[in-house]
Amino acid sequence: PFMKRPAALDGSHAGDFGFDPLGFTEDNDLYAMQEAELRHGRLAMLAVVGWPLSELLAPDSMLQNGMAPSVLNGFNPLSLASTAVIFAGLGFFEFKTSLRRTSDNPNGIKHREDMANVWKYGVAGDYNFDPLGLYNSIGDDAVARKGLREVEVSHGRSAMLGNPTPTQHSK
């Protein structure tokens, strides 16, 4: 209410509420920032559920003194190897998808149509991965799809804020 809304944040993108007090959208690529926020949000959503579940369900051989392996809790050889493989896989995924084209896949075509009057990039975070077909579950139109993306961004932001909780409870 007391700050000028940045020109790049016009409300047309999911999660765009015009909040950019440091002016990042004025000097940086908005699409790249949206991609980064979605990647971090998705990882945070997995972590906020996965960290506590790993301590409850993992076999003792994977735990370090009854706690999930982490930089804070330490690693045993098996969990260190598992973590290294996971990070290598995520790094490869990041490398392969950072400069990908999404305009020619089924969701990419819908996204380009949805965002045609806004910009040429389609929608950030489109990996054409929807095995259960939930993306059109509340309606097969641009408004419904944007609503689902809004929910994903909001949940991702909440998870990014909620992830310090398991960290604080680690010894």
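The values are calculated or read from the model by the stated rules, or taken from the named source; none is laboratory data. What you see is a predicted model; the values in this text were computed from it and never measured. Reconstructed Cβ throughout: ideal geometry from the backbone, glycine too, with neighbour counts over all protein chains shown. SASA here: full protein model, heavy atoms, side chains in, ligands and nucleic acids out. Shrake-Rupley method; radii C 1.70, N 1.55, O 1.52, S 1.80 Å.
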**OP:** Could you give me the residue pairs with C-beta distances under 7 Å whose first residue belongs to the range 31-59 and is more than 11 Å from Asn163 (Cα to Cα) and without any contact (Cβ under 8 Å) to a residue 60 or more places away in the chain, whose second residue is part of a helix (DSSP H, G or I) and not β-branched (Val, Ile, Thr) wherever it lies, and which are 6+ apart or on separate chains?
**Re:** Met33/Phe24
Original post:
For Asn76, all conditions in the list (1) over 17 Å from Leu43 (Cα atoms); (2) out of contact with any Leu (no Cβ under 9 Å at 6 or more places or on another chain); (3) open to solvent by less than 50 Å² (accessible area, probe 1.4 Å); (4) modelled with pLDDT of 75 or more hold save one; what is the number of the exception?
Top reply: (2)
Original post:
What are the residues in the range 114-167 that are within 13 Å of the chain's Cα centre (by Cα), modelled with pLDDT of 70 or more and among the hydroxyl-bearing types (Ser, Thr, Tyr), if any?
Top reply: Ser154, Ser158
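Rundown of residues vs (1) part of a loop (DSSP other than H, G, I, E, B); (2) of a type outside the set (Val, Ile, Thr); (3) at pLDDT 80 or above, yes/no style:
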site: Phe17; (1), (2), (3): yes, yes, yes
site: Asp20; (1), (2), (3): yes, yes, yes
site: Glu37; (1), (2), (3): no, yes, yes
site: Ala44; (1), (2), (3): no, yes, yes
site: Glu55; (1), (2), (3): no, yes, no
site: Leu80; (1), (2), (3): no, yes, yes
site: Val85; (1), (2), (3): no, no, yes
site: Phe93; (1), (2), (3): no, yes, yes
